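Only one structure is covered here, and it is reproduced in the block below.
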Amino acid sequence: MTHEALRELLPAYALDALTAEEAREVRAHLETCDRCPGELALLQETATRLAGAPVQVPPPPQLREQILAAVRPQPSVVTIPRGWAIGLAAAAAAVIVVAALTAARFGQQVAQLQQRIAAQEQVLAILAGPTAQTSVLAGSIEAGVKFVYDRTRGQGALVVTDLQDPGRQSVYQLWLVAGAVPESAGVFRPAPGRPLVIPVRADFTRYQAVAISIERAPFGAAQPTTTPILVGRI
Amino acid sequence: MRPAQLAASEELEDRQLLARIARRDSRAFEVLYDRYGRPVYSLAMGMLRDAGGAQEVTQEVFLSIWRQAAEFDPSRGSARSWLLALAHHKAVDAVRRGRMRAAEPLQETKTSDLDVVDEALRRVEQGRVREALVRLPAEQREAIVLAYYGGYTHQEIAGRLGIPLGTAKTRIRDGMIRLRGTLAGVKEVAP
């Protein structure tokens, strides 16, 4: 296409009203033309006025949380020096991040749903086993936190339904306690408005308790630096 | 401050926010969301008329900003313009995806196009933009509203209105030039 023909497409380009192929040609032309970019900028200012014109409605508050959570720095995997690693990427806090990115990248809510279902199924599978047990964590704060686990299969999960935000500088850290020695099982933040499920794989016959303490963000500590706020016997 | 100065200082702040976001500053991202979440969501709502779809678009827009903030070039226009163009682009993609899923018949009666235009105009509340649109000749207004708020390409508009492609292009071009003339010099204060 000639400069003149492409220039005539600029108004429709500013309105996103070209076919993908035409838009590509215009973009290529804009790279080399010294007049068209300036003209397009003016047309885009007009399009911007159209963009700002529809009835203004506030987006739902949980959308803000979801979007901001997706960009917050998060540790992805926590390795435990006992030879077993807890994929904290699978923890629901991270699941939301991954799901939000996935949904955005592929325009699918399906992935997000599947991840949430997978986490729920994992808990259900543990609960469905004949040897499954549940420990309700209690301590110095009001919270809804349970630990479900199956000794024979070595599978467990922390289920957080209600836990206040620890603040920007802090994270919660989960500990498995063997005798007097706590071992880190990863750090997490509660997900506002939705339950959080953190899968934990371990030999639960070795531990007598699970505990949660507040530690410094983002990576937590090698050993608890504060008194656990919640403890459950297992 | 006069509105023009206010707009200029907001533009400066927007540019700084985008520069910080390009350096992975999540606090700047939060401020930008609080500034633009509402207009982005409202544009998507106006075009999709579906809260779930509008939320998806808003999420896509902001995650794109997070990834692509470095691509913003101040010599090519304002930050506000860049942001809302990105939002419009994503909303158009969503409208077209939805239309493909619904397998909407390509040819519809002219009445339904007028409904689309009327409906879109009803949703335009910003006084000066509404007035500028209303003052356009009807066929230019129809072409611009179908293109911008309806997410139709100029070829689809020609097909729907039963006019040659060249005529559709001319209506869009003349309408945009006239709109630009009407709106130039009457700057609104950014929401």
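The values are calculated or read from the model by the stated rules, or taken from the named source; none is laboratory data. Keep in mind it's a predicted model, so treat the numbers as computed, not measured. All Cβ positions, glycine included, derive from the backbone under ideal geometry; neighbour counts span all protein chains shown. The protein model used for the area step is the full one, side chains on, heavy atoms only, and it has no ligands, DNA or RNA in it. Shrake-Rupley method; radii C 1.70, N 1.55, O 1.52, S 1.80 Å.
The table below gives the values:
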quantity: Test item: A:62-68 mean partner chain Cβ contacts at 10 Å; calculated: 6
quantity: Residue-averaged beta-carbon neighbours from other chains (10 angstrom radius) around B:147-160; calculated: 4
quantity: Per-residue average of Cβ from other chains inside 10 Å of B:82-92; calculated: 3
quantity: Value of relative contact order over the stretch B:1-98, rounded to a whole percent, pairs C-alpha under 8 Å and six or more apart; calculated: 34
quantity: Summed buried accessible area for B+A [probe radius 1.4 Å, Å², rounded to 100]; calculated: 5200
quantity: Sparse-neighbourhood loop sites, trypsin sites (Lys or Arg not before Pro) in the stretch A:134-234 - DSSP loop, at most 10 other Cβ within 10 angstrom; calculated: A:Arg168
quantity: Relative contact order for the stretch A:168-230, counting Cα pairs under 8 Å that sit 6 or more residues apart, in percent; calculated: 43
quantity: Unit charges at the beta carbon, dipole of the stretch A:133-233: most positive-side option, A:Val187, A:Pro218, A:Gly154; calculated: A:Gly154
quantity: Rounded to the nearest 20 debye, dipole of the stretch B:116-191 from Cβ charges on Lys, Arg, Asp, Glu; calculated: 240
